[in-house]
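Remarks on the structure that follows.
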Amino acid sequence: MLDRDTRREKIGISVTVAHIALWTKISWAESPRTDKYLRFNMHKLTFYPLGSNQNADTTLIDLDNGKKVLFDFAAVANLSDPNDKGIDLPKTLGDDLSDASKSGYDITAFTHLDDDHTRGSDEFFYFDHSKKHQSGDRYSFGTLWVPANTITESRNDLTTASKLIQAEARYRLEKGYGVRVFSRAKKLEDWLKSKGLTIESRKHLITDAGQLAPDLTLDDDGVEFFVHAPFAWRQDENTLIDRNGDSLVMQATFKFNQQITRFFIGADVAHEPLSEIVRISKSHDNEDRLLWDVMGLPHHCSYLTLGPERGKDKTEPVEDVEWLFETQGQEGCIIVSSSKPIPSKGTEADKDKQPPHRQAANYYREVASDKDGEFIVTMEHPKVSAPKPVVVEITGLGAKLKKTQVVGSAAVTSVAAPRAGLRAG
Amino acid sequence: MEDEHLDAGGLIIATDTLELPRSRELAAAMETGRLAFVTHIECRRGSGDDGDVRETIVFDVEVERPQRCMHDIRRIERIAVEFAAADNWYPEVISLRADFPQVPHLNLRDEEFPRSLCLYDQSWSEIALRWTPTGFIERIRTWLAETAKGSLHQTDQPLEPVLAGTGLSIILPPDLFASWDDQDAKQLQVGTATPEDNCRVFSTHPDPRAGGLSVTAVCLMAKPRQHAAIRRRPKTLAELHDLLAIDGTDLRQQLRSQLEAVDEEHRWKRKLLIVIAFPLSRDADLTVEITDVWAFFTASSVAEVGIAIGVWMKMPGDQQLGTVMGEMLEATGSEIKIDVIAPQFGLSREAAAAASGTLADPCRTVAIGAGALGSQVIHLLAQSGFGSWTIVDEDILAPHNVARHALSPMWIGWSKATALAQEVSEFYPTDVSPTPIVDDFMRASVRDEKLKEAVDSSELILDMSASIPVARHVAHDLNCNARRASLFLNPSGSDLVMLVEDTARAVPLDCLEMQYYREVAFNESLSKHLAPPAGRIRYARSCRDVSSTIPANLVGMHAAIAADELRNANRSGSAKAIIWQASETPMRVQPTEIAVHDVDRTQVGEWTLVVTAHAVGRLGELRAAKLPNETGGVLIGGYDLSRKIVYVVDMPNRKPCRNVLSQQGF
């Protein structure tokens, strides 16, 4: 057997090596692999930028287990107007459902029947009660969540879409399936009586304020919905129906990796009912049910959510509302205003009675800043000229606002096709 | 609260006076306001150590950040990007926040602050091709976002090394230390791996006569640490001690006992090399996931290091050392300079197998034939940790062989067996070296004691001689229980044939050979299998000195298939017979697995009759069909006249697709 050295001699490589003298230092890049991320499972909230000319609300909740819960549906954008930066909501939601291979939602909640929470629903959803609204391209509501006055109130100013939703909710309640009605108002009992039914016979479809909606649970779905409003006692005494006041207000509590994250869904509630919610929750030791990490601002950033006076540059909240925002809001919180862009001081829009109000926005900004959090306006995110859906991911690390750059993808992509043997420089 | 920012260096300049293309592009992308989440702060110009122009863009980025961050990343982070005029390295990305945390994937710098972000795992030349300012900013934002979540370093990604390398590496024998607790100092010769001036790789040799620098190597294992790289390179032994002390390792104490054990004759002559294993854990529970190994070269002798850390005192007289009792607090080792070298351990059989995604198999194998196919098969198998080899071949490597052989031209004139054994032995030098037998196998198996011994103790006898007499000799004439296998190419080299016996040798190699012929005879798609080669070349003067023209790529491809299949077949206990046919344009390989039938052996006088179960079955069928008449017909098979064996493999009701009978003695 020839040894290695003999072979080296044979091939002309000297075995004698030089004294080590070379100790050069070169900079050296390590090897992060930032282009390859694990896909984390999560819950997800999506707030849609709906229109440049009209405030509206639509929020989608994607649960980690694949269930989808939609809060309100308002396709208010004028798609033929290039200045309207609002999205084509039916297309966006339709694409999202087909991507998920779903024929509809697991739950669709309408917080109340105002036009800016229901517009276009008549074209999008499949209505069990109406043959005319059952074409194959429609999506199912799943379980329909409505406040009690959706069933009971009879008004002439409802839009076609709102009327259809009302009729659908009534149809389902009468038939005894696929609906959840919030609060057991006297009027609801009367309505059921007029149909020859009793509260008792529909008990399983009714949930009072102060309770959890039983359709989703923390253990099975990673979320539970606590009902704050409408209040049954209040509605009993309510002769004049204030729909915003009686709209659905909820707190969603998400669990992921044993960590809790809370989302307050404000609908269109004003400071008086909001204050009542605070007082009632305190009286029932339910303060936890008013903690929030993500705030879906009531009424499109209206000052009336905070207090009676708009203020010059900042709206001052009434005491209970201040407690809700400043004490119950968590570190790193996200406040979302589903509204048009906040007007600049002195502009025409700034003088408008309708929200969003600059003064209210200034208060929310201050709250967010104090908590190292974010204040986001749907029609301003990520920029006013090209708003995109506001996405909040909920994981074991709490809520996180997605900040995706909106430019041509080629400008951002910087990953080459991999080849075997490639290594870092 | 406003974050405190560090100075980005250089002087502030107007954006429109930027000169370097990338800095201009980056500033322009920010100034147009088309990018969300980024705010331009200022531009600066300075010069690097080499006098080269450096331009720096300072900006704030908004980070996508969860409520509860794993690392202290702020919603807004101030970043400076420094571009060099030469543009031959990554632009340096620096966090200007004075208290930016220690996190994974920071670049090693001489100073700890400001911290430098390591963005890429590809070379700058790759990145530069596709660099866009937007993509670059997004890369920075993603780095920060993932760091905030604690997921920049993926759960499926190996842990980050403790130290960043210096570009120097040293190749140590794989079995240098018995374990990380090995207290015995090792003597090594160290030299540059090549005579080139800029060689940064050092090879080692255990033989003190090998020349080079004489080194004493000691090893120790540090206490487990949660993976977080050391961002400042230790420059002296004292600094290294301090870094290890953070995790509770007392370097000086551990060195003391090891140095005291070094033989006196080595103490002044040999430089000290310290090899330290850092057990790393991913999480705080300190469950060790990998062990990161680094070598620290002291460029000082064992004695000098010992004196510097208070093990010994220099005594009067020539190189006399006195042992220090107790601890000398001032002896920290601060005067001992160290350099960081990334150690690599020489290939072991296990490491070779792991690199191929398989397990090492030291199957004792006698390989007959180290020709074009044989050499490449042996090479591939050995390279991936298979086989303890005895290689038998009587041929000398001739120039024309090199065209298709695993051996390089430097071995011309050497016997193929010797040369191949030498090459294979270098794959994993600490393992048992292959044994070359330079002889004709049929003769050597009778007269060569070394071969007889190898055959007796072998587990596999692999015939790659391309010779039927050798294959038959292997099948019949060796008195051992090893499994036999045959690998050969068809005449044109387009097809590969593998015949492997079952472990019990129920269907021996010669019977597999006969069943292979049957397949060739009856399988229409194999009609060209035995066709003669298109061309032959004469390589010397004798009339027998001709060789087929078979391209090296074809042999290489078949060798690769053969190596893989042989390894698989050896793992399973059953017999295998497979033909792989290559067809050209586009190159495609079609496998045909031959059904292996059991055989029945009957002694008829001095003749042995071997009939396959398949033939017996066919006979039965035909007889049943013809009864009460005579069955009649033709038996297909072959003869081994020298051993007086008759093989019957089939009784067809149709003729073979062509006449292979005469070619193969059927």
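For region B:447-467, which residues satisfy the criterion of being in contact with a Gly (Cβ under 9 Å, 6 or more places away or on another chain) and modelled with pLDDT under 95?
Of everything in region B:447-467, those that are in contact with a Gly (Cβ under 9 Å, 6 or more places away or on another chain) and modelled with pLDDT under 95 turn out to be B:Ser465, B:Ala466, B:Ser467.
Given the conditions (1) assigned to a loop (DSSP other than H, G, I, E, B); (2) touching a Cys at 6+ places or on another chain (Cβ under 6 Å), which single one is not true for B:Leu286?
(2)
Taking B:Gly387 as the residue in question, decide whether it is assigned to a loop (DSSP other than H, G, I, E, B) and either more than 30 Å from B:Ala482 (Cβ to Cβ) or touching a residue at least 24 places away in the same chain (Cβ under 8 Å) (or both).
So B:Gly387 does not fit the description; no.
Here's a check for you: in region B:546-588, which residue that is touching a Gly at 6+ places or on another chain (Cβ under 8 Å) and part of a loop (DSSP other than H, G, I, E, B) is modelled with the lowest pLDDT?
That would be B:Thr549.
List every residue pair whose Cβ atoms sit under 6 Å apart, with the two residues 6 or more apart in sequence or on different chains, where the first one lies in region A:375-396 and is in a helix (DSSP H, G or I) and the second, anywhere, is aliphatic (A, V, I, L, M) and surrounded by 21 or more Cβ atoms within 10 Å (Cβ to Cβ).
A:Thr378/A:Val390
Can you name the number of the only condition in (1) away from every other protein chain (no Cβ under 14 Å); (2) modelled with pLDDT of 95 or more that B:Ala85 fails?
That leaves (2) as the condition not met.
Across region B:15-70, what is the total count of residues that are under 43 Å from the mean Cα position of the chain (by Cα) and on the phi > 0 side of the Ramachandran plot?
1
For B:Ala534, indicate whether it is exposed (fewer than 13 other Cβ atoms within 10 Å of the Cβ), modelled with pLDDT of 85 or more and part of a loop (DSSP other than H, G, I, E, B).
no
Please determine whether any residue of region A:417-424 is at positive phi, outside any helix (DSSP H, G or I) and at pLDDT below 90.
The answer is yes, given that some residue of region A:417-424 is at positive phi, outside any helix (DSSP H, G or I) and at pLDDT below 90.
All but one of (1) closer than 30 Å to A:Ile376 by Cα; (2) more than 10 Å from every other protein chain (Cβ to nearest Cβ) hold for B:Pro91; which doesn't?
(1) is the only condition that B:Pro91 fails.
From B:Arg484, B:Arg443, which residue is assigned to a strand (DSSP E or B) and free of Cβ contacts under 8 Å to residues at least 40 places away in the same chain?
Of the residues listed, the single one that is assigned to a strand (DSSP E or B) and free of Cβ contacts under 8 Å to residues at least 40 places away in the same chain is B:Arg484.
Give just the number: which of (1) assigned to a loop (DSSP other than H, G, I, E, B); (2) in contact (Cβ under 8 Å) with a residue 40 or more places away in the chain does A:Ala77 not satisfy?
(2)
Just checking, which of A:Ser385, A:Ser414 is more than 30 Å from B:Tyr120 (Cβ to Cβ) and at pLDDT below 95?
Selected residue: A:Ser385, the only one of A:Ser385, A:Ser414 that is more than 30 Å from B:Tyr120 (Cβ to Cβ) and at pLDDT below 95.
Out of the residues in region B:472-481 that are touching a residue at least 60 places away in the same chain (Cβ under 8 Å) and closer than 22 Å to B:Gly371 by Cα, which is surrounded by the fewest Cβ atoms within 10 Å (Cβ to Cβ)?
Looking at the filtered set, the residue picked out is B:Arg472.
Have a look at A:Gly176, A:Gly136 and point out the one that is at pLDDT below 95, more than 22 Å from the chain's Cα centre (by Cα) and more than 22 Å from A:Ala209 (Cβ to Cβ).
A:Gly136
crowded, with 24+ Cβ neighbours inside 10 Å and either at negative phi or not aromatic (Phe, Trp, Tyr) (or both): does that describe A:Leu274?
Answer is yes for this residue.
Give the number of residues within region A:307-340 that are touching a Pro at 6+ places or on another chain (Cβ under 8 Å) and within 14 Å of another protein chain (Cβ to nearest Cβ).
1
Have a look at B:Ala352, B:Ala360, B:Ala370 and point out the one that is surrounded by fewer than 20 Cβ atoms within 10 Å (Cβ to Cβ) and either in contact with a Phe, Trp or Tyr (Cβ under 7 Å, 6 or more places away or on another chain) or touching a residue at least 40 places away in the same chain (Cβ under 8 Å) (or both). Full working, then the answer.
Values: B:Ala360 fails: either in contact with a Phe, Trp or Tyr (Cβ under 7 Å, 6 or more places away or on another chain) or touching a residue at least 40 places away in the same chain (Cβ under 8 Å) (or both); B:Ala370 fails: surrounded by fewer than 20 Cβ atoms within 10 Å (Cβ to Cβ).
Matching residue, one of B:Ala352, B:Ala360, B:Ala370: B:Ala352.
Would you be able to say whether some residue in region B:415-422 is of a type in the set (A, V, I, L, M, F, W, C) and assigned to a loop (DSSP other than H, G, I, E, B)?
No: zero hits.
Considering (1) touching a residue at least 60 places away in the same chain (Cβ under 8 Å); (2) out of contact with any Ser or Thr (no Cβ under 9 Å at 6 or more places or on another chain), say which one B:Ile468 fails and leave the rest.
The number of the failed condition is (1).
Assess whether B:Ile94 counts as being touching a residue at least 12 places away in the same chain (Cβ under 8 Å) and in a strand (DSSP E or B).
So B:Ile94 passes the test.
Quick check on this structure: which one of B:Leu321, B:Leu380, B:Leu286 is outside the structural domain of B:Ala222 (by TED's automatic domain parsing), touching a residue at least 24 places away in the same chain (Cβ under 8 Å) and of a type outside the set (Gly, Ala, Ser)?
Going through B:Leu321, B:Leu380, B:Leu286 in turn, just one is outside the structural domain of B:Ala222 (by TED's automatic domain parsing), touching a residue at least 24 places away in the same chain (Cβ under 8 Å) and of a type outside the set (Gly, Ala, Ser): B:Leu380.
Would you check which residues across region B:160-186 are closer than 18 Å to B:Lys271 by Cα, away from chain A (no Cβ under 12 Å) and either aliphatic (A, V, I, L, M) or in contact with a strand residue (DSSP E or B) (Cβ under 6 Å, 6 or more places away or on another chain) (or both) and list them?
Scanning region B:160-186 gives B:Ile171, B:Leu172, B:Leu176, B:Phe177, B:Ala185, B:Lys186.
I'm trying to understand the selection: among the residues of region B:104-154, which are on the phi > 0 side of the Ramachandran plot and more than 7 Å from chain A (Cβ to nearest Cβ)?
Correct list: B:Gly150 only.
Every residue in region B:400-412 that is surrounded by fewer than 24 Cβ atoms within 10 Å (Cβ to Cβ) and in contact (Cβ under 8 Å) with a residue 24 or more places away in the chain, please.
Matches in region B:400-412: B:His400, B:Asn401, B:Ala403, B:Arg404, B:Leu407.
Could you check, for region B:593-613, whether at least one of its residues is assigned to a strand (DSSP E or B), in contact with a His (Cβ under 6 Å, 6 or more places away or on another chain) and either surrounded by 12 or more Cβ atoms within 10 Å (Cβ to Cβ) or not assigned by TED's automatic domain parsing to the domain that holds B:Leu512 (or both)?
Yes: region B:593-613 contains one or more residues that are assigned to a strand (DSSP E or B), in contact with a His (Cβ under 6 Å, 6 or more places away or on another chain) and either surrounded by 12 or more Cβ atoms within 10 Å (Cβ to Cβ) or not assigned by TED's automatic domain parsing to the domain that holds B:Leu512 (or both).
Residues checked against (1) assigned to a loop (DSSP other than H, G, I, E, B); (2) without any contact (Cβ under 8 Å) to a residue 12 or more places away in the chain; (3) in contact with a Ser or Thr (Cβ under 9 Å, 6 or more places away or on another chain):
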| residue | (1), (2), (3) |
| --- | --- |
| B:Asp16 | no, yes, no |
| B:Ala29 | no, no, yes |
| B:Leu35 | yes, no, yes |
| B:Cys43 | no, no, yes |
| B:Asp50 | yes, yes, no |
| B:Val58 | no, no, no |
| B:Met70 | yes, no, yes |
| B:Glu77 | no, no, yes |
| B:Asn88 | yes, no, yes |
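Look through B:Val275, B:Val305 and report the one residue that is in contact with a Cys (Cβ under 7 Å, 6 or more places away or on another chain) and at pLDDT 90 or above.
Step by step, each of B:Val275, B:Val305 is checked, and only B:Val275 is in contact with a Cys (Cβ under 7 Å, 6 or more places away or on another chain) and at pLDDT 90 or above.
The values are calculated or read from the model by the stated rules, or taken from the named source; none is laboratory data. Keep in mind that what you see is a predicted model, and the values were worked out from it rather than measured. FYI the Cβ positions are ideal-geometry reconstructions off the backbone, even for glycines, and counts take in every protein chain you see.
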